[in-house]
Every structure is written in structure tokens, then in C-alpha cells.
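See below for the structure under consideration.
The values are calculated or read from the model by the stated rules, or taken from the named source; none is laboratory data. Worth saying up front: this structure is predicted, and the values here are computed from it rather than measured. Don't worry about glycine lacking a Cβ; one is built from the backbone with ideal geometry, like all the others, and counts go over all protein chains shown. Side chains are part of the model used for accessible areas, which takes the heavy atoms of the whole protein and leaves out ligands, DNA and RNA. Shrake-Rupley method; radii C 1.70, N 1.55, O 1.52, S 1.80 Å.
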Amino acid sequence: MQKISNNQIKELAGLKQKKHQKIEKKILVEGVRLIKQLLNYKTEFDCLICDVTKTDVLNQTDLDAANIPLFTAESFQIKKLSSTETPQPLIGVVKKKHLPIKKTSFLLYLDSISEAGNLGTIFRTAAALGIDGIVLSPGCCDIYNAKAIRASMGSVFSVPSEVWAPSCLNDFKGKKIATIIEGGENLYQTEFTSEDIVLIIGSEAHGIRNEILEQADIKLSIPMKGAMESLNAVTAAGIAMSYLKYCRDFPINEIRK
């Protein structure tokens, strides 16, 4: 392991800014769990920087097989690279990796999801369910936001994604399904369709914009009991994705045979 220099730290700290990420096509990631997950995704690392006082964390990762250059740094240097109040002892420099959408059997369209933690959690859920891709409106948070990456457990690198203007939904050939708070069809009474679908989720603050909602073929609501009026975007997306994905993978008509 080689000790990192202050000049290298200064250069790498610039990657906390979006403009430098765009130029260098690299980003910083931190934490053993996240880095292990990215290694599983075969993400390309430039290097790893470990706090010199906590090198025991390296025993939790399989770095020998990954063949990644490794540096040690003082705790104050690690703090300069970290985007959290309590810095993680292991930081990685990762090359940006964008996967374009190739399959359209089940897509997710996110309208103006601006909170990075919510965006990342939705990506993580989509990865777990095997959604084909996530489409973001121009008003969504950057998927390479540090908080989004952490919340997604690195799945922003593994789930195909693209940015579409609302008008691009017109070109989607399958069913456009929008989730709304009330007045829509009951999600759990919706019949399975074998067509390609795009599930549209709106922001917590404003829901789905009218210009997008007007394009929807089906409007669905999640039935709720008690005094609760609505669910946040992450929960609504998880419930709707899970149910519709289950219907697609296990058609009711087939189960009944």
C-alpha cells in the first residue's frame, strides 16, 4: 500500500462536485458494504483509499482478486473526500458506468423525484425486483449524487436508466400506468397485461404532472384503510412495482390452471 499525497487528495476532492465528475467521468463512493456491492457488479475502480488507522476493514473485501490500486490516507485526508458527517474508512474512485435501456417489458418512469435518498431507494427496489430500466424526467435528482448512490447500494450502476422528456412517453408502445392518490382503479383488481408497461411515479410534493398524467392509459390507486391519506413515493413505487411484477411473472390465469 502506498501513502496518498496531499496533491492527490486535493484533486480527488474535486470529484465531490458535479462539474468535475462530468469532466473526469469518475465519482467517489464510500463504505465497505457499498464498495463490496460495486465489486460484485464488476464496477471499474481507479483506486481505493483506506484510513491508515483502520486498515483492518480491508479484511472485509476481496481486493486481491479485484487488482485495484490501494492507498492509505490520514483521517483528516479521508474527511476531505467524504460527503458524510462521519466518514467511512474506505473510499473508492469509480469510473462512471451508464447502462442504456435495452428491454422495455417493464419500465419505471420517475417524474421529478428530487430527493436523492428516495431516488436511490427506488433504484435499489427496482434492482431487487428485476425491473428492466428506470426512466427519469429532467427534473429528477442526478443518479450519481453521493446520497443516491449510498441509498441505492450501488444499483444506479447496475439498473439501466435514461432521461426522457415527458413528450417521449408518447413514443412508448406499451401501456402507460400512472399511480395516483385517489380516484384510480384499485391496484389489486387490475388484470394482468402481457403488453410492455411503464409505471409512472410522481414526486411526493406534487404527484405526477398533468402533461404526463394525460398520457396514461391506466390510472391506479393503492387502497388504504384508516386515516392515512397517502404514501410517500418510495413506498408507493415499491408496492406498485412488486404487485405488477408479480402479475407479469405469475399471470393469474396461468396460476388458476
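Taken one residue at a time, the phi angles of segment 109-125 give Karplus couplings (6.51, -1.76, 1.60, θ = phi - 60°) of 10, 9, 9, 6, 7, 9, 7, 4, x, 5, 4, x, 5, 5, 4, 5, 5 Hz. Gly and Pro are set to x.
Hey, what number do you get for the chain at 222 nm if only DSSP H runs of n ≥ 4 count, each worth -39500 (n - 2.57), divided across all residues, to the nearest 500? Rounded to the nearest 500, the figure is -8500 deg cm²/dmol. Classify segment 187-227 as rounded, prolate or oblate from the Cα gyration tensor: take a ≥ b ≥ c as the square roots of its eigenvalues, call it rounded if a/c is under 1.5, otherwise prolate when a/b beats b/c and oblate if not. Oblate is the answer for segment 187-227, as a/c is 1.5 or above yet b/c matches or exceeds a/b.
Split the accessible area of segment 20-150 by element, probe 1.4 Å, and carbon with sulfur accounts for 47%.
If the segment from Glu185 to Leu99 were pulled out straight at 0.36 nm per residue, it would be longer than the present Cα-Cα gap by 27.6 nm. Comparing Ile222, Ile122, Ile200 in a Gaussian network model of the chain where C-alpha atoms under 10 Å apart are linked, the largest mean-square fluctuation is found at Ile222. Here the relative contact order of the chain, from alpha carbon pairs under 8 Å that lie six or more residues apart, stands at 18 percent. The residue list Tyr246, Leu136, Pro89 was ranked by how far each Cα lies along the charge dipole of the chain toward its positive end, using unit charges on Cβ atoms, and Pro89 comes out on top.
Near Gln215, within a Cβ-to-Cβ distance under 12 Å, what is the net charge of the other residues, with Lys and Arg +1 and Asp and Glu -1? Local charge sum for Gln215: -1.
Note on surface exposure: Lys175, Lys245, Lys225 rank Lys225, Lys175, Lys245 by accessible area, highest first, 1.4 Å probe. Using 0.36 nm per residue of separation minus the Cα-Cα distance, give me the extension gain between Glu24 and Ile239 in nm, one decimal. Working it through step by step, the gained length comes to 73.6 nm. In terms of distances greater than 24 angstrom between alpha carbons, the cross-link table entries Lys102/Lys176; Lys19/Lys103; Lys97/Lys176; Lys36/Lys95; Lys3/Lys26 yield Lys19/Lys103; Lys97/Lys176.
Per-residue 3J(HN,Hα) values for segment 233-238, derived from phi via the Karplus relation 6.51 cos²θ - 1.76 cosθ + 1.60 with θ = phi - 60°, read 4, 5, 5, 4, 4, x Hz in sequence order (x marks Gly and Pro). Close amide-amide hydrogen proximity is noted between Gly154 and no other residue 5 or more places distant or on a separate chain, at a cut-off under 5 Å (H modeled in the peptide plane; Pro and chain starts excluded).
If a/c stays under 1.5 just call it rounded; otherwise compare a/b with b/c (prolate if a/b is bigger, oblate if not). Do that for segment 113-257, with a ≥ b ≥ c from the square roots of the Cα gyration tensor eigenvalues. Because its axes are fairly even, with a/c under 1.5, segment 113-257 counts as rounded. Based on Cα atoms of the chain, Rg over Rh with Rh as the Kirkwood radius reads 1.05. Inter-label distance, Met1 to Glu214: 5.9 nm, where each label sits 7 Å from its Cα along the C-beta direction.
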